[in-house]
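Have a look at the structure below, then the notes.
The values are calculated or read from the model by the stated rules, or taken from the named source; none is laboratory data. Please read all numbers here as calculations on a predicted model, not as lab measurements. Methodologically, a virtual Cβ is constructed for each residue, glycine included, from the backbone with ideal geometry; neighbour enumeration extends over all protein chains shown.
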Amino acid sequence: MNYVFPQNQESIRQIITRYNLLKDRRRSKHFGQHFLCDQSLLEKIVKCSLPFGDADILEIGPGPCGLTRAIIKFCDSNRLHCIEKDTMLEPLHRDVLNGVENCRVIYEDALKIRPQSLTPRKIIIVSNLPYNVGTQLLINWLLDLKDIEKMVLMFQKEVADRICSVPGMKEYGRLSVITQLLCNVEKLVPVSRLAFYPPPKVDSTVIRLIPKAVKVGNIDHLQRLTQYCFQHRRKMIYSILKKYYDEPKVAMSLRECCIEKTARPETIAPQKFLALSEHLI
Ligand code: SAM
């Protein structure tokens, strides 16, 4: 059964004030603590991750528990694992999550925890990610997608744009190629900076990522190849690659992958990068 919070539960603003979470601004900035307080927005984000089925849920950075409470509302037999780096939040969590049996908080750096080490079940990740580690967390998960069923993540808008861009767009780059090869990605909810307390300098976007069934043979090589290419996104692919690989092999690989020698990395689709990576290795 899902846990039902009392009707008169404290608002997130009240929790933030009672625990004086923003007292030390240097500290809260260090942890990227910009909190969502709007209940309907929080529930809208959680609804993007439904149905939960029988997966376990993982939230990074529960903070004052706005998103956490919204997730719990939709949990049935699901278990919620939260990872929070700020240990000062422990008394707040003990209080706000008192009585919630299917939720545990682990006080650690999320970069150090492999989601699969938390549970043998499938995992759905739902999180308003801390800005400073959001991209690195996503890359870690992409490189280790086993048992991750889906991810509903809030990023700063500029990062979400890079993840979801298609060839020809100015934000299209390595992150778009690697993410879109491994997952179906969808932009879902634009979130104004004014929805946060305190407001950050930039707007955000919620995106959903669903891992694909594809097998990417050598992801390390693909990462290297895209790094070479997007360092010089406007140069011709042939002239970039011949610096790193044997020239006849580059010419043959481009021909076999139906990529023009004069094509520029910013116009080449993720699937073509994958094919090229497999030819060049
Ligand atoms: N979930 C809350 C919300 O939506 O309002 C808070 C989100 S706030 C943007 C990011 C949260 O992640 C903060 O609680 C912060 O302390 C925590 N955090 C920052 N870096 C972290 C890390 N490396 N590992 C785990 N949690 C982290």
Residue check: is ILE71 more than 24 Å from ARG27 (Cβ to Cβ), assigned to a strand (DSSP E or B) and in contact with a helix residue (DSSP H, G or I) (Cβ under 7 Å, 6 or more places away or on another chain)? no
Where LEU118 falls short, out of the listed (1) within 9 Å of the ligand (Cβ to nearest atom); (2) within 18 Å of ASP147 (Cβ to Cβ): (1)
Need a quick list: helices (runs of 4 or more DSSP H) entirely within the stretch 206-279 having at least 1 residues that are aliphatic (A, V, I, L, M) and under 22 Å from LEU137 (Cα atoms). 219-231
Filter the stretch 182-240 down to the residues that are within 16 Å of the ligand (Cβ to nearest atom) and basic (Lys, Arg), then identify the one that is surrounded by the fewest Cβ atoms within 10 Å (Cβ to Cβ). LYS201
Among the residues of the stretch 1-56 satisfying the criterion of being within 30 Å of ARG121 (Cα to Cα) and not assigned by TED's automatic domain parsing to the domain that holds ASN98, which is nearest to the ligand (Cβ to nearest atom)? PHE5
